[in-house]
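Heads up, the thing below is written out as structure tokens.
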Amino acid sequence: MDVKQPNKILLEVNGLKKYFSTGGGMLKKKQQVKAVDDMTFTVKEGETLGIVGESGCGKSTMGRTLLRLQHPTAGEVIYNGQDIAKLKNKDLRKLRKDIQIIFQDPFGSLNPRMTVGAMLSEIVRTHDIVSKKEEKKYLEELLLEVGLTPAAYWKYPHEFSGGQRQRVSIARALAVQPKLIICDEAVSALDVSVQAQVLNLLQHLKKKHGLTYIFISHDLSVVKHISDRVGVMYLGKLVELSDKHDLYERPAHPYTQALFSAIPDITEEKQERIVLKGDVPSPLHIPSGCRFHTRCPLATDKCVEEAPVFEQVRDGHYAACHYAE
Amino acid sequence: MGEKMDAQLKVEDLHVGFKQKKSSVNILNGVSFQVYKGETLCIVGESGCGKSLTSLSIMGLLPKQGEVQGGKIEFEGENLVQKNMKQMSRLRGNDLSMIFQEPMTSLNPVHTVGKQVAEVVRTHRQVGKKEAYSRALEMFELVGIPSPAERLHNYPHELSGGMRQRVMIAMALACNPKLLIADEPTTALDVTIQAQILELLNDIKAERQMSIMMITHDLGVVSEVADRVLVMYAGEVIECANNRQLFNNPQHPYTQGLIASIPKLKEEKDELPIIEGSVPSPEKMPKGCRFSTRCPFAKQECLTDSPPLQEAEEHTVRCWMHTDRWEEMTPWKGVDEDGREATEQDLIRS
Amino acid sequence: MAQVEETHLPKEKIENPRVRMWKMMFGRLFQNKLAVFGGVVTFGLIFTAIFAAWLAPHDPTEQNYSAVLQGPSLEYWFGTDNLGRDLFSRVIYGAQVSLQAGLISVGIALAIGVPIGLISGYYRGFLDEYIIMRLTDAMLSIPALVLALALAAVLGAGLTNAMIAIGLVLTPNFIRLIRGEVLAHREKEYVEAGKASGISDFKLIIKHILPNTMAPIMVQATLAIAAAIIVEASLSYLGLGTQPPDPSWGSMLANGQGYLDSAPWIALFPGFFIFLTVISINLFGDGIRDMLDPKMK
Ligand SMILES: Nc1ncnc2c1ncn2[C@@H]1O[C@H](COP(=O)(O)OP(=O)(O)OP(=O)(O)O)[C@@H](O)[C@H]1O
Ligand SMILES: Nc1ncnc2c1ncn2[C@@H]1O[C@H](COP(=O)(O)OP(=O)(O)O)[C@@H](O)[C@H]1O
Ligand code: SF4
Ligand code: SF4
Ligand SMILES: [Mg+2]
Ligand SMILES: [Mg+2]
């Protein structure tokens, strides 16, 4: 996408779509939920790409489709010259050594009947990361690295607090020495003071291991803090994508502008804000033309009829709006 | 500030706990605060610190095993702790209203929302069905529900999260309460919808001269809506001040740490300042200052002696640092004889 | 913050984890008095069944016409039936048949139901929705006894065939139960996380999903054992199960029904043992379930 960036492209996503069919019974017609609808972007090696958007806009679905935990309806996801969307099961498992995911729910994402040690060693053995002799030492070092004691090796998930469980999830992702980690709301369920601990840990690990992150969150302040570039999603589509400073200082899309002005920030007293009218439309009934037109303060007739193209408005700054400057 | 205004609600030295098989565990340890007429008081704190328990005690809606172990809750000069179930239910929804975090679970799925709002009106006012419905319609208009007349006949699941929260607010306001308690009213909502609801609450408060006690863990929301802020930690009030005062000049090490540790839109930092460890569990509560297991400034006596709440007009804080005794206290020796209990955080090596 | 760090390091002893695990598991089991009772009785019954030949004072099929319909006495502890057979010995030998009927038929149901349920629930698809589900629906729509009768009639009379028939009748319950559990668990994030770590489907199903569906399977299995004992009794009553003169609790109960007024002990003792078996297996099953759950204290 950007020619000037010297960084190697690690992951290339082209026209990714994921539709779900829902409903559909004897008499009802099946309906389509367009959870992810034609997304195109790249992830560069060593960067953190933040993805923000409101609930139900398709962030998690996108993350899972990238890993092919869900089959994409259309589009390509190119990693290392291979299209993940078309990989055979065996190759897919190999690929899953390179790309990992961390989930939001620190309770649901660990098997309640397995000790941390059993869980980690299973993964390490699956991918032959270290020899059996060195395994124990490797895992203990890993636990230390994510800020747990080696004693954690013998514990069950319910014996940890939420923040510690999230550290275990991070250890699991890290165990296979991946290149890319998708963090899906990885800190959203944590308390503020614990959230900062985990954010720092993620930053530290990234530097140390040269990781690349796709950081999905609904919290714009957190995303701004941790990302290099940020993409904004609305109803299954990217509406804006740019370097974070440019995005936060000069948002081009009306939705991004409203989103930023809606976040209450503690550094200021009550601020002027753009309060959007109405609700997020259901992904079952996506509005015609620009899908933001039902809530956009700048919408015109053109917006109702014609969908804007996702294009570069400035150097490395993309937006999908007829009137973006 | 205090002299001019009358207190609408006065909570004094409230102790609340849970009965267990043999013993009972204390959760709220001497919580005291006031909500003045016409103000918004925000209560902040991490999950499990007792915010919801405080509001449920006020409403007389504690879960079965919960018990008020001591203290007073004074509302309009009457002590709510001594009221029986019947007297409380007459107050609830009338002078005293509450909205909850999850609007879906607090609405009855088998009745239309209009019926539910009308029902509340009829419980507290001697009015007919028709009148109650027209009151419901009026409330729906007030809270900004589009095409309110049609919406009256919708069932809860037919409305979006934001709409449902508006219905809850309409229901809470139907009988002109004097105090509205809102427990995390926007936590389940998206930011753009949250902005709508916060604006609505602000408008309504200004219009009706009602007091709001709002509970949240989101400091951003607090800075947006609060007149005064109360910070809780592990079942205690640790700091209370007016909005800007608290954010610009936090006094308690916990509040300072909390404010520093959230990423801010207008600032850039490589690493976030953090508070080490996590909140102690009720069974392993430190003897002295409850924050002492995580406090970077802790002195030796902090582990054994509980600091008093230093009351001042503008800014209340519970920390030895703000007392005369601080200078004489022994610096932290780095070892614990028996004061520093092992807590969950023992698993974290930092 | 820095000054307190070192002192926070745990003074935790690391115990041998396997020892700790077993200790915890048996600790949980022995804490539960009822489960211990259930276990002792269950094993007692199994012991009785195995050593019936040594324990029974009389030949269970020996008829003594000089002692028909006698009440309990020192000679005949549980009395005698209408043919003068010693009920105590018959109850002891009956344990063989009834426990076999219960355990083996449930074993058959589990052996078929668990894998089908796991695969059907995990992979979904055409086979699951249109074949397995429709088939189980059809089987479940027929009353269990009627279906067992029909199957036993097709397979022919005798205990082995009766057990196969009962096992097949119980299978759809297990398929549906396990499938439902798997459906609930396969969407859980820990399964997705395992998948994302490259763990094979087989391992995910066996090592991750199956242990988490243990609790309801356990409950269902103990209930099914009880049901199987009773269905076997009914089949025997109708002449399709245990063949006379071999004793089974079910056939003895059925036989005793005719003498409830004159000789109530004939029905009472086998009835009591069916009840005791069902209850103790149930209690023991509950105990095992809790024992396997690391979250239980
Ligand atoms: N039924 C109960 N039995 C025992 N302890 C309870 C019960 N309900 C709550 N608690 C405990 O009381 C404390 C305070 O709970 P409360 O729900 O008020 O916290 P909160 O600040 O509202 O947290 P959150 O933000 O997570 O809702 C917690 O330590 C909690 O574990
Ligand atoms: N398995 C599924 N079947 C049907 N709809 C789904 C499924 N998974 C997600 N969706 C729908 O896709 C949309 C996007 O979901 P998701 O990616 O989870 O949102 P987010 O993570 O942004 O909250 C939502 O409308 C959701 O209801
Ligand atoms: S294209 Fe039109 S409706 Fe869409 S964001 Fe731009 S101005 Fe708003
Ligand atoms: S009393 Fe001591 S431990 Fe507690 S907050 Fe103040 S300085 Fe820290
Ligand atoms: Mg999500
Ligand atoms: Mg709460």
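Could you tell me whether any residue of the stretch B:244-254 is over 19 Å from B:TRP320 (Cβ atoms), more than 8 Å from chain A (Cβ to nearest Cβ) and open to solvent by less than 10 Å² (accessible area, probe 1.4 Å)? So far as the stretch B:244-254 goes, yes, one or more of its residues are over 19 Å from B:TRP320 (Cβ atoms), more than 8 Å from chain A (Cβ to nearest Cβ) and open to solvent by less than 10 Å² (accessible area, probe 1.4 Å).
No other residue among C:PHE88, C:PHE126 is assigned to a helix (DSSP H, G or I) and in contact (Cβ under 8 Å) with a residue 24 or more places away in the chain apart from C:PHE88. With the condition kept exactly as written, say whether any residue in the stretch B:282-294 is surrounded by 22 or more Cβ atoms within 10 Å (Cβ to Cβ) and within 12 Å of chain A (Cβ to nearest Cβ). Yes, because at least one residue in the stretch B:282-294 is surrounded by 22 or more Cβ atoms within 10 Å (Cβ to Cβ) and within 12 Å of chain A (Cβ to nearest Cβ).
Yes/no matrix, rows are residues, columns are (1) away from every other protein chain (no Cβ under 14 Å); (2) modelled with pLDDT of 90 or more; (3) within 16 Å of B:ASP203 (Cβ to Cβ); (4) surrounded by fewer than 20 Cβ atoms within 10 Å (Cβ to Cβ):
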residue: B:ARG135; (1), (2), (3), (4): yes, yes, no, no
residue: B:MET163; (1), (2), (3), (4): no, no, no, no
residue: B:ILE169; (1), (2), (3), (4): yes, no, yes, no
residue: B:ILE181; (1), (2), (3), (4): yes, yes, no, no
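Annotation: of all residues in the stretch A:59-109 being under 27 Å from A:VAL124 (Cβ atoms) and in a strand (DSSP E or B), the one that is nearest to ligand 4 (Cβ to nearest atom) is A:ILE102. Among the residues making up the stretch B:110-133, those that are closer than 16 Å to B:LEU159 by Cβ and open to solvent by less than 30 Å² (accessible area, probe 1.4 Å) are B:THR112, B:VAL113, B:GLY114, B:GLN116, B:VAL117. Does the stretch B:74-83 contain at least one residue that is away from ligand 1 (no atom under 16 Å from the Cβ), of a type in the set (Val, Ile, Thr) and either touching a strand residue (DSSP E or B) at 6+ places or on another chain (Cβ under 7 Å) or open to solvent by 60 Å² or more (accessible area, probe 1.4 Å) (or both)? Yes, the conditions are met somewhere in the stretch B:74-83. Being within 11 Å of another protein chain (Cβ to nearest Cβ), of a type in the set (Asp, Glu) and more than 16 Å from ligand 1 (Cβ to nearest atom), is that true of even one residue in the stretch A:295-314? No, every residue in the stretch A:295-314 fails to be within 11 Å of another protein chain (Cβ to nearest Cβ), of a type in the set (Asp, Glu) and more than 16 Å from ligand 1 (Cβ to nearest atom). In the stretch B:195-222, of all residues being within 7 Å of chain A (Cβ to nearest Cβ) and more than 17 Å from B:VAL44 (Cα to Cα), the one that is least open to solvent (accessible area, probe 1.4 Å) corresponds to B:ALA195. Taking (1) open to solvent by less than 10 Å² (accessible area, probe 1.4 Å); (2) more than 16 Å from ligand 1 (Cβ to nearest atom); (3) among the small types (Gly, Ala, Ser); (4) part of a helix (DSSP H, G or I) in turn, A:ALA118 satisfies each apart from (1). Residue pairs whose Cβ atoms lie under 6 Å apart, separated by 6 or more positions or on different chains, with the first residue in the stretch A:309-325 and at positive phi and the second surrounded by fewer than 20 Cβ atoms within 10 Å (Cβ to Cβ) and outside any strand (DSSP E or B), are A:GLY316/A:ASP2. Cβ-Cβ distances below 7 Å connect no pair with a first residue in the stretch C:170-195 that is more than 30 Å from C:ALA152 (Cβ to Cβ) and more than 10 Å from chain A (Cβ to nearest Cβ), a second residue that is hydrophobic (A, V, I, L, M, F, W, C) and open to solvent by 50 Å² or more (accessible area, probe 1.4 Å), and a separation of six or more residues or different chains. Name every residue in the stretch A:65-76 that is open to solvent by less than 50 Å² (accessible area, probe 1.4 Å) and either within 14 Å of chain C (Cβ to nearest Cβ) or within 16 Å of ligand 3 (Cβ to nearest atom) (or both), in order of residue number. Once the filter is applied, which keeps residues that are open to solvent by less than 50 Å² (accessible area, probe 1.4 Å) and either within 14 Å of chain C (Cβ to nearest Cβ) or within 16 Å of ligand 3 (Cβ to nearest atom) (or both), the stretch A:65-76 yields A:THR65, A:LEU66, A:LEU67, A:ARG68, A:LEU69, A:GLN70. Look through the stretch B:145-159, keep the residues that are part of a loop (DSSP other than H, G, I, E, B) and open to solvent by 40 Å² or more (accessible area, probe 1.4 Å), and return whichever of them is nearest to B:MET213 (Cα to Cα). Looking at the filtered set, the residue picked out is B:PRO146. Taking the stretch A:168-251 and the strands (runs of 3 or more DSSP E) fully enclosed by it, the elements with 3 or more residues that are within 14 Å of chain B (Cβ to nearest Cβ) and away from ligand 4 (no atom under 16 Å from the Cβ) are at A:229-234. Only one entry of C:ALA254, C:ALA193, C:ALA228, C:ALA221 meets the criterion of being part of a helix (DSSP H, G or I) and at pLDDT below 85, and that entry is C:ALA254. For the stretch A:91-114, taking the residues that are within 7 Å of chain C (Cβ to nearest Cβ) and open to solvent by less than 30 Å² (accessible area, probe 1.4 Å), the one that is farthest from C:SER197 (Cα to Cα) is identified as A:GLY108. Residue check: is A:GLY81 more than 13 Å from every other protein chain (Cβ to nearest Cβ), surrounded by fewer than 16 Cβ atoms within 10 Å (Cβ to Cβ) and free of Cβ contacts under 8 Å to residues at least 12 places away in the same chain? The answer is yes for A:GLY81.
Residue under question is A:ILE263, and the condition is that it be closer than 17 Å to B:ASP190 by Cα and within 10 Å of chain B (Cβ to nearest Cβ); does it hold? Taking the combined requirement at face value, the residue satisfies it. Restricting to the stretch A:278-294, count the residues that are more than 23 Å from the chain's Cα centre (by Cα) and more than 8 Å from every other protein chain (Cβ to nearest Cβ). Final tally of qualifying residues: 7. The residues listed here are A:SER288, A:SER217; of these, the one that is at pLDDT below 95, on the phi < 0 side of the Ramachandran plot and open to solvent by less than 10 Å² (accessible area, probe 1.4 Å) is A:SER217.
The sole residue among B:PRO286, B:PRO296 that is away from ligand 3 (no atom under 16 Å from the Cβ) and more than 17 Å from B:ASN26 (Cβ to Cβ) is B:PRO296.
The single residue among A:PRO106, A:PRO112 that is within 16 Å of ligand 1 (Cβ to nearest atom) and modelled with pLDDT under 90 turns out to be A:PRO106. State whether one or more residues within the stretch A:23-31 are at pLDDT 85 or above and away from chain C (no Cβ under 14 Å). No, the conditions are met nowhere in the stretch A:23-31.
The residues of the stretch B:297-350 that are at pLDDT 70 or above and within 14 Å of chain C (Cβ to nearest Cβ), listed by number, are B:PHE297, B:ALA298, B:LYS299, B:GLN300, B:CYS302, B:LEU303, B:THR330, B:PRO331, B:TRP332. Taking the criterion of being of a type in the set (Val, Ile, Thr) and either in contact with an Asp or Glu (Cβ under 9 Å, 6 or more places away or on another chain) or within 16 Å of ligand 2 (Cβ to nearest atom) (or both), the residues of the stretch A:171-185 that qualify are A:VAL176, A:ILE182.
Residue-wise test of (1) in contact with a strand residue (DSSP E or B) (Cβ under 6 Å, 6 or more places away or on another chain); (2) more than 17 Å from A:GLY15 (Cβ to Cβ); (3) more than 14 Å from ligand 2 (Cβ to nearest atom).
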position	(1), (2), (3)
A:LEU69	no, yes, no
A:GLY75	yes, no, yes
A:LEU87	no, yes, yes
A:ASP91	no, yes, yes
A:PHE107	no, yes, yes
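The values are calculated or read from the model by the stated rules, or taken from the named source; none is laboratory data. Quick caveat: nothing in here was measured; it's all calculated off a predicted structure. Every residue, glycine among them, receives a Cβ derived from its backbone with ideal geometry; neighbour counts consider all protein chains shown. Accessible surface is based on the protein model in full, side chains and every heavy atom, while ligands, DNA and RNA are left aside. Shrake-Rupley method; radii C 1.70, N 1.55, O 1.52, S 1.80 Å.
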